[in-house]
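Here's the structure we're looking at; comments come further down.
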Amino acid sequence: MDTNDSRQVRVLSTDAGERLDAVWAVLTERGFDVDHVESPAALGRADTDAYDLVVVAHDETTTPELDGVAGVETAVAAVDCPVVLYAVGFPGADVAVDALAAGATDAVYVPPERASLLARRFDCAATDGTSFDSPEALLNDFFEHYPEDVFVKDDSSRIAIGSHETTRPQGYDRDQLVGLTDYELFHPDLADALYEQERRIREEDDPQVNVVEHYVEDGEDCWVSSTKVPRYDEDGAVTGIVGGTRDVTELRRREELVASLNEWSRDLMRAETAADICRLTAAIAADIDTLPSAQVVLDDGTRLTPADVDDDGPALFETHERWFWRAFETGDPQYVTTGPDGRTTRTDGADPTEIEAVVLPLGDHGALGLSPGDTLDEFTLDLANVLAATVEASLDRAEREQELREHERELETQNERLEAFTTMVSHDLRNPLQVALGATDLLDEESEHVDRIYTALDQMDRLVDELLTLARRGEIVGDRVAVDVATLAGAAWSAVDTGEATLTLDDPGTVVADRDRLRELFENLLWVLLERSAADPTVRVGSLGTGGLYIEHADRTATDGDGDPLAASPLDTEDWTQYGQYIVSTIAEAYGWDVTAVDTGGDHVRFEITGLEGR
């Protein structure tokens, strides 16, 4: 048993239940002798003189709860040995404070899993080991061992006491600085500034907490975080200050390095090409002293190639190529060290100061290698990883923008070709049309064919206009309006060479559509039906119900040998004219319509248009 002497510690528990069995097992294993009574009230009837310690349980996890503070009060009144409260779980600090106020020697919450600590707490309570050194000794230990500058000054800014860290920079003992002020320790300018600050704190009762102060020492910029507050006497009068400073020079320098990297990152994100990004990356590593020299290696699809940045630094890729490949292929950072046998190995757990090369993946672009001239630390590794992530993001962006520029160039070329096409259509088609229209004006107006010629030429002129509009503006879908299908079918019929064919209408109704596009659709479907008709057919247009129309040969069957209707199937437009294919498939797709056909003997005998909005 780990006690201050060799005698056995006898413990009397005031809880006869099982709630503290794990605790008693720990104590018994370590040489404690444990007995039990049923409750604190039973202590008055028991012989407790032979015991070194009484333990009272406190448990708020049961119903009803067990009040250990009240048990402490009862035990303290009944016995002469120390009393300890042991709490099950964590009832909060108030229970411990109340137990100590009630006379407990200690209040223990240590779980049985911390067996050594638990036994030590009970042993200290039983052997008067709960007392501490004198306040003077404790204060001296604090000032001697606390690793930061802590001090107390009087109302003349003289050092009354200071920590070891306060005196270490000057090379003196703590006692040697007692009675000195900042005027005896620092340059007059800095001493003046410190004195004015401390005077305001004393006279204006104005604490200064975590104030970052800058000064120059041996030509180097230095920063400290300073906290100084007034010190008061018993009457509340300010008698000096209590303060401390913490050197934050390294932290401040790291903040500046991060800010510098952020500034460079803006340049990286503005770079237009991978070559520019690689040059900037090398420049960043050269500008930020903490970072090692850097080398970017890019994948060209077949191999990794070092970027040409006109750098005279070490060719890291030549000596660590396999680590570049491994970083690129696995996507994992490679931290390279050299073992006692002279072989390079990858490690994740090595001391950063032992790392001789760092290779970081750049996604599918390649890898970034860094070769430290000096030893590395965790911050530099973090900074290197931030740089690699920024370079990768910049390469991603440059790649996307390059693809966008290439797409824009392709689009510009296509637009130029489209403009040439529209010019050709405008001149090579419209001019002959105008000649034909002029020639028609010279024909006998009473001729039965003149009206049909005019209608055909007007239709061709309209189609040329729409083709030009589509080519220049890319418009397929126009405004939807209520369209009387019978009227539209008649207009489409008059625009097609129908010969002796006949059009009949079976109450086709009204639909909502772009009138011109639906008419073009009708014209092409009518042309297909009539083009393959040997005799003079009758074409019927009717309604399929809500949102559907049909166009069919009224005198040709669309049924099988048993008289059942043939199923409609998707259009086969392979033998149509190119423009007819375009009109039917493109316009139907643009509006979300479905156009299907029923074929008999290889000929279309019926078209069905569905997906229309009916009225």
query = Considering only residues of the stretch 207-250 that are of a type in the set (A, V, I, L, M, F, W, C) and under 17 Å from residue 158 (Cα atoms), which is surrounded by the most Cβ atoms within 10 Å (Cβ to Cβ)?
reply = 241
ask   = Restricting attention to the stretch 136-146, does a residue exist that is part of a strand (DSSP E or B), under 22 Å from residue 184 (Cβ atoms) and open to solvent by less than 70 Å² (accessible area, probe 1.4 Å)?
value = no
note = Residues of the stretch 87-117 being touching a residue at least 24 places away in the same chain (Cβ under 8 Å) and in contact with a Lys or Arg (Cβ under 9 Å, 6 or more places away or on another chain), in sequence order, are 88, 106, 108, 115, 116
key: Every pair of residues 6+ apart whose Cβ atoms lie under 7 Å, when the first sits in the stretch 298-315 and is within 16 Å of residue 369 (Cα to Cα) while the second is part of a loop (DSSP other than H, G, I, E, B) and at pLDDT below 85   = 298/307
inquiry  = Looking at 59, 128, 52, can you tell me which residue is open to solvent by less than 50 Å² (accessible area, probe 1.4 Å), of a type in the set (Asp, Glu), touching a Pro at 6+ places or on another chain (Cβ under 9 Å) and over 14 Å from residue 12 (Cα atoms)?
reply    = 59
query = Can you pull out the residues in the stretch 153-163 that are β-branched (Val, Ile, Thr) and surrounded by fewer than 19 Cβ atoms within 10 Å (Cβ to Cβ)?
reply = 161
note = Checked the stretch 6-33 for anything assigned to a strand (DSSP E or B) and under 15 Å from residue 85 (Cα atoms); matches are 11, 12, 13
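Yes/no matrix, rows are residues, columns are (1) modelled with pLDDT of 85 or more; (2) of a type in the set (A, V, I, L, M); (3) part of a helix (DSSP H, G or I):
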{"residue": "337", "(1), (2), (3)": "no, no, no"}
{"residue": "350", "(1), (2), (3)": "no, yes, no"}
{"residue": "374", "(1), (2), (3)": "no, no, no"}
{"residue": "385", "(1), (2), (3)": "yes, no, yes"}
{"residue": "404", "(1), (2), (3)": "yes, yes, yes"}
{"residue": "408", "(1), (2), (3)": "yes, no, yes"}
{"residue": "413", "(1), (2), (3)": "no, no, yes"}
remark   = Among 245, 281, 273, 290, the single one that is closer than 25 Å to residue 163 by Cβ, touching a residue at least 24 places away in the same chain (Cβ under 8 Å) and not aliphatic (A, V, I, L, M) is 245
task = Report, ordered by the first and then the second residue, all pairs with beta carbons closer than 6 Å, sequence separation of six or more or different chains, a first member in the stretch 361-390 that is at negative phi, and a second member that is of a type in the set (Ser, Thr, Tyr) and part of a helix (DSSP H, G or I).
result = 375/353; 390/265
ask   = Any residue at all in the stretch 301-316 that is touching a Leu at 6+ places or on another chain (Cβ under 7 Å), of a type outside the set (Ser, Thr, Tyr) and surrounded by 18 or more Cβ atoms within 10 Å (Cβ to Cβ)?
value = yes
key: Conditions (1) open to solvent by 20 Å² or more (accessible area, probe 1.4 Å); (2) of a type outside the set (Phe, Trp, Tyr); (3) under 55 Å from the mean Cα position of the chain (by Cα); (4) modelled with pLDDT under 85; number of the one not met by residue 613   = (4)
query = Quick check: anything in the stretch 454-466 at pLDDT 80 or above, of a type in the set (Val, Ile, Thr), under 30 Å from residue 553 (Cβ atoms) and over 60 Å from the mean Cα position of the chain (by Cα)?
reply = no
request  = Would you confirm whether any residue within the stretch 114-123 is assigned to a loop (DSSP other than H, G, I, E, B) and either open to solvent by 30 Å² or more (accessible area, probe 1.4 Å) or modelled with pLDDT of 95 or more (or both)?
outcome  = yes
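The values are calculated or read from the model by the stated rules, or taken from the named source; none is laboratory data. In this text the structure is predicted, and so the values were computed from the model without any measurement. Because the Cβ atoms are built from the backbone with ideal geometry, glycine has one as well, and the counts that use them run over all protein chains shown. Just so you know, the surface numbers come from the protein's heavy atoms only, side chains and all, with ligands and any DNA or RNA stripped out. Shrake-Rupley method; radii C 1.70, N 1.55, O 1.52, S 1.80 Å.
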